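Q: I'd like to ask some things about the structure below.
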Amino acid sequence: MSLSKSHTATAYIALGSNLGDREEHLRAAMDILAKLGSVAAISSFYETEPVGDISQPDFLNGVIKLRTRLQPEELMTALLRVEKEQGRDRSISPPKGPRTLDLDLLSYDNVVLETPDLTLPHPALAQRRFVLVPLAEIAPTWKHPVSGATVVQLLAALPQEGAAHRRSVQKLANPPQST
């Protein structure tokens, strides 16, 4: 990857929480993420059913658009650090299990990347209604860099079960700003 340090990229990041004060976990993460660049858009929060066979509480999910100068790998490392700071211990929690915070790097500009630590765009993005619904809210014309489909087209292609429901949580009027 040969993006310069002065290049400002657009990254979409999914946020989720299903333990403790879910809304507070998401808002705290957004405040921290704002220090990694500039938050350009924040979706509403959505109440969603968990995916997988593990019995667990419902999630609160959202998506942010972040303008950043961090390289994709640096941003992913920062996201994992934020999860840990917010109480997530990946070493002891089962995959797709309950968590205080889950941050997924969905896309970074139009970069297509596959390394042992990072795949862009996120490999499950097109199958996740709980990601596509909030992404469509803030970026309806975003195009998947591999398929070329817009987020609205990806969402329309999904079956209706497991639909995300907008929770009565107000969108932040003024997204957190970077310092």
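Q: Which value in deg cm²/dmol, rounded to the nearest 500, describes the helix-derived mean residue ellipticity at 222 nm for the chain, given -39,500 (n - 2.57) per DSSP H run of n ≥ 4 and division by the residue count? Before the final figure, lay out the partial values.
A: Numbers: 4 runs with 42 residues, N = 179.
That comes out to -7000 deg cm²/dmol.
Q: Pulled fully out, how much extra length does the chain show between D89 and Q56, if you take 0.36 nm times their separation in residues and subtract their Cα-Cα distance? Intermediate values should be presented prior to the final figure.
A: Working: separation 33, 0.36 × 33 = 11.88 nm, distance 1.66 nm.
Stretched fully, the D89-Q56 segment lengthens by 10.2 nm.
Q: Only residues of segment 102-132 count here: report those whose backbone N is under 15 Å from the spot 7 Å along Cα→Cβ of V146, or say none.
A: 105-108, 110-128
Q: Taking the chain, how many lysine pairs are there with alpha carbons less than 18 Å apart, if each pair must be eight or more places apart or span two chains?
A: Details: K5/K35; K35/K65; K35/K84; K65/K143; K65/K171; K84/K96.
So the count of such lysine pairs works out to 6.
Q: Per residue and in Å³, how big is the convex hull formed by the alpha-carbon atoms of the chain?
A: Values: hull volume 21.1 nm³, N = 179.
Cα convex hull per residue, to the nearest whole number: 118 Å³.
Q: Across segment 65-70, in residue order, what do the Karplus-derived ³J(HN,Hα) couplings come to in whole Hz, using 6.51 cos²θ - 1.76 cosθ + 1.60 with θ = phi - 60° and x for Gly and Pro?
A: Karplus-based 3J(HN,Hα) across segment 65-70 equals 9, 10, 9, 9, 9, 5 Hz.
Q: Suppose we flag trypsin sites (Lys or Arg not before Pro) only when DSSP calls them loop and at most 15 other Cβ atoms lie within 10 Å. Which is the longest uninterrupted stretch of the chain? Show your work: numbers first, answer last.
A: Numbers: sites that count: K5, R90, K96, K171.
For trypsin sites (Lys or Arg not before Pro) (loop position, at most 15 other Cβ atoms within 10 Å), the longest site-free span of the chain is 6-89.
Q: Additional query: Tell me, what ³J(HN,Hα) does each residue in segment 104-116 have, in order and in whole Hz, if you take phi through Karplus 6.51 cos²θ - 1.76 cosθ + 1.60 with θ = phi - 60° and put x for Gly and Pro?
A: 10, 7, 7, 7, 9, 6, 9, 5, 10, 8, 9, 10, x
Quick note: the coordinates plus some simple rules give every number you see, no bench work behind them. All values reported here derive from a predicted model rather than from experimental measurement. Here the Cβ is made from the backbone with ideal geometry for all residues, glycine too, and neighbour counts use every protein chain on show.
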